[in-house]
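Undergrad: I'd like to ask some things about the structure below.
The values are calculated or read from the model by the stated rules, or taken from the named source; none is laboratory data. All values derive from a computational prediction rather than experimental measurement. Every residue, glycine among them, receives a Cβ derived from its backbone with ideal geometry; neighbour counts consider all protein chains shown.
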Amino acid sequence: MSKNVNDRVAREKEWHNKTLGTDVRESTKKFYSVLKKDGGVTDHRNNVVAKNLSADSTVLLDYGCGDGSFLLSVADNCKKGYGIDISESRIEAANKYASQRNVKNAEFLVMDAMNTTFDDGTFDMVVGNAILHHLDLETSIKEIKRILKKDGAAYFIEPLATNPIINLYRHLTPKKRTADEQPFRRKEIKLIKSILPNTQIEYFAGLSLLAFPFRNLKSFPKIAAFLERQDKWFLSPKSPFRYFAWVCFITFKY
């Protein structure tokens, strides 16, 4: 691995170890209320994953697992789950939560996601949330392809860098993210499809992002649902407005 990539890994490790348990991104939580609502991208991810899990056979990798909360939430529906993260402090937290919940079929490991120690074709499913844009994209996509079974699938939620208003907010709040983050532009999407041509991209949080000021009102679910319905056409795969989305949901298959 090149010196530049090694330096990147070191910076990411330091930042994520240092920020665990802090409020460095506290002010952004109001926006995430839109992603986590019914019909949002997190709900969509959870539904897709649930439909494709088997307690008898699925070996799942949580790629960039953080504190392990996602893997622990689906562990009962997997044969075996692994979570990897570059941050020792986050893996320590994940193992603590697994012990508290008495989850026996989940294993959490400190590991570089771009250079894992897993054998070829280990996993039926790989899942990640806002992790790929922290990594060298070509290296990580090739690594996911290597460790994924030929009939497996990988699902990722990633931020986009194609909305100028969101980019302005990022420019004004640099300390809320790492120095190496690169939300996806069109070139990153093109690169992914060049490695895994069957990749599918779905776009979320365009007009529905306007619902966040109402997040504390009883009417929030109705407002969010209305805007989500508008996003169905506003962010459809062939819509010229799809790049105004905040995030995308990526499905990788051979």
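Undergrad: Would a scan of segment 73-83 turn up a residue that is in a strand (DSSP E or B) and within 16 Å of the chain's Cα centre (by Cα)?
TA: Yes, the conditions are met somewhere in segment 73-83.
Undergrad: Identify the single condition in (1) more than 21 Å from VAL48 (Cα to Cα); (2) in contact with a strand residue (DSSP E or B) (Cβ under 6 Å, 6 or more places away or on another chain); (3) in contact (Cβ under 8 Å) with a residue 60 or more places away in the chain; (4) not β-branched (Val, Ile, Thr) that ALA94 does not satisfy, given that it satisfies every other one.
TA: Here ALA94 meets the rest and fails (3).
Undergrad: Can ASN17 be described as closer than 28 Å to THR139 by Cα, out of contact with any His (no Cβ under 6 Å at 6 or more places or on another chain) and at pLDDT 95 or above? Outline the logic, then answer.
TA: Details: closer than 28 Å to THR139 by Cα: yes; out of contact with any His (no Cβ under 6 Å at 6 or more places or on another chain): yes; at pLDDT 95 or above: no.
No: the conditions fail for ASN17.
Undergrad: Of the numbered conditions (1) under 11 Å from ILE201 (Cα atoms); (2) surrounded by fewer than 16 Cβ atoms within 10 Å (Cβ to Cβ), TRP233 satisfies every one except a single condition; which is it?
TA: Status for TRP233: all satisfied but (1).
Undergrad: Hey, another quick one. Hey, does segment 51-63 have a residue that's over 20 Å from LYS149 (Cα atoms) and surrounded by 19 or more Cβ atoms within 10 Å (Cβ to Cβ)?
TA: No, segment 51-63 has no match at all.
Undergrad: Can you pull out every residue in segment 145-182 that is under 19 Å from PHE249 (Cβ atoms), at pLDDT below 95 and in a helix (DSSP H, G or I)?
TA: Once the filter is applied, which keeps residues that are under 19 Å from PHE249 (Cβ atoms), at pLDDT below 95 and in a helix (DSSP H, G or I), segment 145-182 yields only ILE166.
Undergrad: For segment 185-207, indicate whether the set of residues that are over 20 Å from the mean Cα position of the chain (by Cα), surrounded by fewer than 17 Cβ atoms within 10 Å (Cβ to Cβ) and touching a residue at least 40 places away in the same chain (Cβ under 8 Å) is non-empty.
TA: Within segment 185-207, not a single residue is over 20 Å from the mean Cα position of the chain (by Cα), surrounded by fewer than 17 Cβ atoms within 10 Å (Cβ to Cβ) and touching a residue at least 40 places away in the same chain (Cβ under 8 Å).
Undergrad: Scan segment 90-135 for residues that are in a strand (DSSP E or B) and within 30 Å of ASN4 (Cα to Cα) and report the count. It would help to see each step written out before you state the result.
TA: Of all residues in segment 90-135, those in a strand (DSSP E or B) come to 106-110, 123-129.
In the following step, the residues that additionally are within 30 Å of ASN4 (Cα to Cα) were identified as 107-110, 123, 125-129.
Qualifying residue count, segment 90-135: 10.
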